[in-house]
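Accompanying notes for the structure given below.
None of the figures in this text is laboratory data; all of them are computed from the coordinates on show. These numbers come from a predicted model, not from an experiment. FYI the Cβ positions are ideal-geometry reconstructions off the backbone, even for glycines, and counts take in every protein chain you see.
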Amino acid sequence: MLDLQTTSSPDNEKIKNVEVLYGHSQSEISENLKNYNIPLKQNSMRTKQLWNWMFLRGISDFSVIKNMPKDLLHQLSSDYTLKRNSISVEKKSNDGTIKWLLELSNNGLSTTNEIETVFIPEEKRGTLCISSQIGCTLNCSFCHTGTQKLIRNLTTEEIISQLLIAKDKLNDWHGNNPNNTRKITNIVMMGMGEPLYNFEAVKKALLIMTDCDGLALSKRRVTLSTSGIVPFMERVGKEIGVSLAVSLHSAKDDVRDILVPINKKYPIRELINACENYPTIKNSSKITFEYVMLRDINDSIQDAKDLAKLLQNIPSKINLIPFNPWPGNNYQCSDMDQIKKFAEVLNSVGFSCPIRKPRGQDIMAACGQLKSDTVRLRKKN
């Protein structure tokens, strides 16, 4: 008979219900180590050693650790794991963008749980786009992910795992970069899902990612994007302290009600009030407003003037995003000439208004498309 207590297979880990250690904060690890008969004066040292191995060296197996007692490592490995989620699909664009489809635990359900993570390299930075939910509930009419039913929130460790997997694939660990030249310099919570509908897990993950003893990402280089879940926005600034991006897409309630239906619950005036009171803008940081350019919907010169008036009291950067069509959508991208005219109106009154360069189009890199494409392929087979 198979001894489920001694086998080291992934299935056994589910049966034993081991926890993922990198989903714990330093203080939690310190508290948990008290269960392992460690001298109290060594607790802080052992905590920092584990933290260093996980987040500076990027290990995924306790056996690699060389400066801790073997019996302690054996005990830890029976209760915890350092393994990542698995990559089921990887696609590389001609422009360098990489998109990973990650397969998560399905907790015994028959459905496959998958999320997407995207790495976008640029000349002076590398940005990782991370998901917070499997699917989404917001049903934004221009967003492909909105057509995918919400399955569940991601756990803290599943959020962090996306960064660890990307660092593994890019060979971006501190031990491999003695000059500390990072490939991943920026994090954006702009993947699948609404981060503020998974606030506690996202908060904990981002605090671990920005912990100065480990992954040490600058909070100024971490951006959380929301469609406007007003009650949580102040908490992002006070409790996490990262940059904020808002999916705005229109300055008019009647249009935004269609594009971003959550606007019916939290209309533009409430959203703008929350932005005006966002804690970090008092420290000279700007809020980024995302604005997808849709032909004859929200791209007129008057729309640009309305937007400028709406944001006049908020330190702002406005990202104009050419719409990337997907099968079955009802929209078309604005002409580039019109997008440039729209930007000129905003630039003329002092706004920073870059036009986002489309990335990864040849691998269907619009939000949610990789998963949708993979699901369709499975159905055909």
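With the convex hull constructed from alpha-carbon coordinates only, the range 95-234 shows a mean projected area of 9.6 nm² over all directions.
Using a cutoff of 8 angstrom between alpha carbon atoms and counting only pairs six or more residues apart, the relative contact order for the range 86-380 works out to 17 percent. Strictly greater than 22 Å: what percent of every Cα pair in the range 10-81 meets that? Tail of the P(r) past 22 Å holds 15 percent of the pairs.
Rounded to the nearest 10 degrees, the inclination of helix 369-380 to the longest alpha-carbon principal axis of the chain is 70 degrees. Over the range 10-81, calculate the relative contact order: mean separation of alpha carbon pairs under 8 Å at least 6 apart, over the residue count, as a percent. Rounded, it is 41 percent for the range 10-81. At a Förster distance of 35 Å, what's the computed FRET efficiency of Val349 paired with Lys92, Cβ-Cβ distance as r, to 0.05? The computed FRET efficiency comes out at 0.30.
Evaluated on the range 86-380, the Kirkwood hydrodynamic radius is 19.6 Å, with distances taken between all distinct Cα atoms. When all alpha carbon pairs of the range 152-286 are counted in 5 Å bins from zero, the resulting P(r) reads 2, 10, 18, 21, 18, 13, 9, 5, 3, 1, 0 %. Across all directions, the average flat footprint of the convex hull enclosing the Cα atoms of the range 230-335 is 7.1 nm². Pairs over the 25 Å Cα-Cα cut-off, from the set Lys265/Lys340; Lys99/Lys357; Lys99/Lys183; Lys99/Lys286; Lys48/Lys167: Lys265/Lys340; Lys99/Lys286. Taking 7 Å steps out from each Cα toward its Cβ at Ser25 and Asp71 produces label points 3.2 nm apart. If I fit a long axis through the Cα atoms of helix 336-348 and take the longest principal axis of the Cα atoms of the chain, what angle between them do I get, 0 to 90°, rounded to 10? Approximately 90 degrees, to the nearest 10. When the GluC sites (Glu not before Pro) in the range 96-173 are filtered for DSSP coil states and for at most 14 other beta-carbon atoms within 10 Å of their beta-carbon, the remaining sites are Glu122, Glu123.
Using a 7 Å offset from Cα along Cα-Cβ at Lys341, what residues in the range 304-327 end up with backbone N under 16 Å from the label point? Residues 304-306 qualify, since their backbone N sits under 16 Å from the label point.
Relative to the compact-globule estimate of 2.2 N^0.38 Å, the Cα radius of gyration of the range 27-169 comes out at 1.28. Note on the chain: helix-only mean residue ellipticity at 222 nm, from DSSP H runs of 4+ residues weighted -39500 (n - 2.57) and normalised by residue number, equals -9500 deg cm²/dmol. Listed by chain and number, the aspartates and glutamates whose alpha-carbon sits under 17 Å from that of Lys203, ignoring those within fewer than 8 places in the same chain, are Glu28, Glu157, Glu158, Glu194, Asp211, Glu234, Glu239.
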